[in-house]
Each structure stands twice: as C-alpha cells, then as structure tokens.
Amino acid sequence: MALIDVIQVTKVFSSRQRVHALDSVSFSVDSDEFVVILGPSGCGKTTLLRVLAGLEFPTSGTCRFHGQAITRPSRRRAYVFQEPRLFPWLSVGTNIRLGGQRDGLTELVKKMGLAEFSSVYPHQLSGGMAKRAALARALASEPELILLDEPLANLDVPTRETLYPLLTEIWQNGPACLSVTHDVDEALMLATRILLLSPRPGRLVHELHVDLDFPRDTRCSAYQQWRKTVLELSMEVAKH
Amino acid sequence: MRIGIRCARGVVLPAFLLGVWHIMGTTGHMDGSIFPETGQVLQAAIHLWQNGQLASHVYVSMGRVVQGFLWAAIVGVPVGIVLGWSRRVKPWLDPTIHFLRQIPPIAWIPVFILWFGIGEASKVVVIFYAALFPILVNTTLGVQQIPRSLWEVAALLRFSLVQHLTRLVIPGSAPTVMTGLRLGMGMSWRVLVAAEMLAASSGLGFLIMSSRSLVRLDDMLVGILTIGFVGVAIDGLFTLMQRLLLPWSGEVYGAYRRDPSN
C-alpha cells in the first residue's frame, strides 16, 4: 500500500466565479520517494497540496493516507507553506516547538542552522532563515510526509543552493516529500519522480523517474540532458 | 533626540495660546467675570491642591472610572473574542450591539439614576456602558483580523482550544484589543464628568458644577484642565503598556499585509 493515493481528484471552486482547478488527477506516493509536481502557475498545484493536507476537500474523488480517506489535517502530514507563516508574537524557538516536542529538538534546530536564532522574533529573520524555521517546525512533529509548496520560491540563488542539500538530507533521513513548483531546476535538483501537470484545469500529463544521483550538480551533462528533456516537455504541455 | 523635537513642536501651540491668554488678561482686554486671568487660575489650582480638594476629586473620579472600565473589559474582551471567533454567534448578537452602541451613554444617565439611584452604582454603570462598546467592537475586529493563513497553521498543528486561545487568538488580537481598551478608557473619562455633573457630591465633574453655582470660573477651569491632563496621562500609560507588553505590535499585520498570498 502506498503512503498517499490520489484517486480521480477533481476540484472546482464555485464561489462567485467557477474555477476548474484540478481534473481527475490520480497518482501515488511511496514512503521513500521525493515527488515533485511540476506545472505552470495557476494549474492547481497548491490546491492539490491543500487537499492532501486536509485543508480543502475535493469536489470528487478521494485522497488516501495509509489507505484511509483524508478528512482533516494531521501532524503526520506536515505542510510547509510558500511563505513561512511563523507566529509573529512567538520566538523562533517557540514557533518550532509548537510543531512537536520530540526528542532531539535542540539538535534539529542546530542542524537547521537556527541555534543562535532561537530567541529572536520571526520578523528579524532573513527569508532563508525563516524558511529553515518553517521546515524545522514541520520536522518537529516527526511527520511521515512533508508537503512543500514551492519550497524555494522567492529566495536568492545562494540561499537556494544551501537549501537543496538540506531538503535532500531531510528526505533521506525519514519522511517522504511531495513538493510542487513551476521551476524546472527546483524539480530536477530534488525529485526522484516528477509529475507534469497541465495548465488549468490541472491534469497529469507526464511522469518522469529521475535517476540522477544525489547530490545533484546542475553542471554535469546528465543533468543538462534531463533539464532539456523536462523543459521541452513542459513547453509542449503549456501549448495545449 | 527626534522624540524631543517632536514633543517640543507639540508644545508650541499650547504655549502660544497660553501666551495670548496671559497678555489679553494682563492688558485688560478680557472680561474678568467670564474669563479669568492666568494668574487667577494658577492661584486657584495651587489653592485647590494645597487644601487637598483637587487630589480627592481626582481620586474619587479615578475610582469610578477604574471600576466601570474594569467591568467593561471583563465583559467586553471575552464577548468580543467569541464574536470574532464564531460565525454562528455573531448574527445573534450583532444587531443588538449595533443598536445599543448608537445611543450616547449620556442619554442613559437619567434612566440609570432612576434604576440604580444617585449613588456610585449609576455612575459606574454609565462608565461601563460607555467603555463597553469600543472594547467589544475592537476585540471582535482584532480577532477577525488575524490572518486566515495563521488559522490554517493552527489547524495543521492540531491546536487544542487552549492553544488556539493562548497561541493564536489572544496574542493575534492583542494590539487591536489594546486600542479598544485605550478608546474605552477615553470614553469612560469623558462620560464620567457628565455623570458627576448630574448627580454627585464629589469628583471632577462635581468640582466644575459646584464652582459654577459659586461663579468660581477659575476653579471650573482648573477642573477642566485637570480632566485633560489626567486623560493624557492615562492614554500615555496605555501606549507605554502596549509597547512593553506587545513588542510585536506593528510587525504583525505589517508583515502579513506585505504578503499578497494572505
């Protein structure tokens, strides 16, 4: 049994204007995978993640976690939002502890490079540090799955470069990861499998098993070859 | 240094008016029977201070304000939190609250005197009434203004009811609640004088009214200016408390407004 099963999920938003966000999307995620859903902006990627988190419900179809229908949020499925969403009135340390009181939280904070920021308030953090704090909070609940909404968006290049190995390490040490992005490099740096989503309404159009070794290097020729393939495919998808 | 300059700027206009008043008085351009000279008012103030009357009137008035205000806070903050939090409760209470808050508290004074007597109770009730609505309305607003994105985080982290209150609702609404308390305190102070003018034997309102019947304009002005000074002092105290207790004020919604996805 897969960790996550998405079965024929369709989502239509019908307030004011009818928006067809997702159209019969089906796929599974195993507990050792890092799956990246790649698609253009506004194709329903975030909606899909929100449904999996239990924040929203599909119009039709079901999402299963360990074979059970997802009806509400669970600490076993952590969610990292695009923006850090830390509580501004709590110190960074307290924000992280809200995720969970697991053993070795201090080590986790240290590993995330946040040791000296524990007592400061979130607004004093840089974008990269705030992202790390949000990741630490997600990891504090020892989830089996981390849902990542554009984990590297709005971050500068050096920050992104430090976060790639960190995200890979987090995944290799435990939880399955499901991330969404519109950035081909972000997908190729992280994913063991890429799912290509079409523009709205989002439909799964391609599935790619990425066999590149970790840690990945954008400069190696195998990577460049992959990059070309994925870019061509996404261009083709965008045309339809 | 900057704050010093700003304060200095604020003092210019009062100093100018005071100067005009003083010169007009001393050069005999003012009718002393309806507008006393500055020296007279100062003397009256010193006199009222030395015989302890001013302090005792301030003390009595403060006591009433504090009582009425505290009751308003005890009722207003929790009810406001419930109203801001629950969409189900709001439609039941909103029209009533909206109706009652349109009525000036002073209009109730004769009725309250009839109901609660001319003693302390009627004054405390008027102050309670006046302070309640700013506190209630701002608390409701404060809870409603907590970004939906943070409610989602609370849901994902499976917050308990207590965690919702202590980690999200109370700190998230605190800056706005504080504003409500400040406004409520201001309202209390304003209606107090009206209440004391109608039926009281002590307090700053009484000082003004009794001086009126004795045609002591200087004492009246001392009473009026004291109300202003005490009001400003209380307001400053609230601002200071907000800065000390809620260091994240201003950062909270600043940070979230900048974020278009919220």
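At-a-glance table
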quantity: Residue within the range A:135-142 that is open to solvent by 60 Å² or more (accessible area, probe 1.4 Å) and on the phi < 0 side of the Ramachandran plot present; calculated: no
quantity: Hits in the range A:156-181 (condition: hydroxyl-bearing (Ser, Thr, Tyr) and in a helix (DSSP H, G or I)); calculated: A:159, A:162, A:164, A:168
quantity: Residue check for residue A:179: of a type in the set (Gly, Ala, Ser), modelled with pLDDT of 85 or more and open to solvent by less than 10 Å² (accessible area, probe 1.4 Å); calculated: yes
quantity: Selection from the range B:5-23 of residues that are under 24 Å from residue B:216 (Cβ atoms) and open to solvent by 80 Å² or more (accessible area, probe 1.4 Å); calculated: B:17, B:18, B:22, B:23
quantity: Spans of helices (runs of 4 or more DSSP H) in the range B:76-169 with at least 1 residues away from chain A (no Cβ under 14 Å) and of a type outside the set (D, E, K, R); calculated: B:90-102, B:105-116, B:120-144
quantity: Any hit, the range B:159-174, residues being under 17 Å from residue B:69 (Cα atoms) and open to solvent by 20 Å² or more (accessible area, probe 1.4 Å); calculated: no
quantity: Residue B:228 vs. criteria within 17 Å of residue B:180 (Cα to Cα) and either within 14 Å of chain A (Cβ to nearest Cβ) or modelled with pLDDT of 85 or more (or both); calculated: no
quantity: Residue list for the range A:182-198, restricted to those being open to solvent by 10 Å² or more (accessible area, probe 1.4 Å) and in a helix (DSSP H, G or I); calculated: A:184, A:185, A:189
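Residue-wise test of (1) of a type in the set (Lys, Arg); (2) assigned to a helix (DSSP H, G or I); (3) under 24 Å from residue B:121 (Cβ atoms); (4) at pLDDT 90 or above.
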| position | (1), (2), (3), (4) |
| --- | --- |
| B:187 | no, yes, yes, yes |
| B:196 | no, yes, yes, no |
| B:219 | no, yes, no, yes |
| B:244 | no, yes, no, no |
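The values are calculated or read from the model by the stated rules, or taken from the named source; none is laboratory data. Computed from a prediction, not measured in an experiment: that's the story for all the values here. FYI the Cβ positions are ideal-geometry reconstructions off the backbone, even for glycines, and counts take in every protein chain you see. We work out accessible area using only protein heavy atoms, side chains counted, and drop any ligands, DNA or RNA first. Shrake-Rupley method; radii C 1.70, N 1.55, O 1.52, S 1.80 Å.
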